[in-house]
Amino acid sequence: MIRIKIAELLAKNKLTQKQLSALTGIRAATISKMRYEENKRISIQQINNLCKVLQCQVGDILEYVEDEEA
């Protein structure tokens with residue numbers, strides 16, 4: 001599964017979800033869904049905006065984690 005590491009990036013950059021929303025143009029509700037890993041989709045434009053604002057690489061935002069066998 002792909003994990004979106006917004007919570008860690010918010011803490012590292014000392015930003016609130018609302019601040020990140022204002023800086024990236026991504027709706028606050030979408031940032032919240034990303035933070036709590038409830039979001040099923042993320043667009044290339046959103047990734048681009050996050051990388052630009054957070055001054056990071058795609059790998060800093062997204063992480064592949066193997067699914068656990070049930």
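Data overview
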{"item": "Number of the condition not met by residue 33 [criteria: (1) surrounded by 14 or more Cβ atoms within 10 Å (Cβ to Cβ); (2) within 14 Å of residue 63 (Cβ to Cβ); (3) basic (Lys, Arg)]", "result": "(2)"}
{"item": "Any chance residue 48 is surrounded by 16 or more Cβ atoms within 10 Å (Cβ to Cβ), free of Cβ contacts under 8 Å to residues at least 40 places away in the same chain and polar (S, T, N, Q)", "result": "no"}
{"item": "Test: residue in segment 46-65 that is of a type in the set (Val, Ile, Thr), outside any helix (DSSP H, G or I) and modelled with pLDDT of 95 or more", "result": "no"}
{"item": "Residues located in segment 56-70, provided they are over 20 Å from residue 42 (Cβ atoms) and touching a helix residue (DSSP H, G or I) at 6+ places or on another chain (Cβ under 6 Å)", "result": "none"}
{"item": "Pair list, Cβ under 8 Å, 6 or more apart: segment 1-29 residue under 29 Å from residue 67 (Cα atoms) and open to solvent by 70 Å² or more (accessible area, probe 1.4 Å), other residue modelled with pLDDT of 95 or more and part of a helix (DSSP H, G or I)", "result": "27/21"}
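The values are calculated or read from the model by the stated rules, or taken from the named source; none is laboratory data. This is a predicted model, so every value here is computed, not measured. Backbone-built Cβ (ideal geometry, glycine too); neighbour counts: all protein chains shown. In case anyone asks, the SASA skips ligands and DNA or RNA and just uses the protein heavy atoms, side chains included. Shrake-Rupley method; radii C 1.70, N 1.55, O 1.52, S 1.80 Å.
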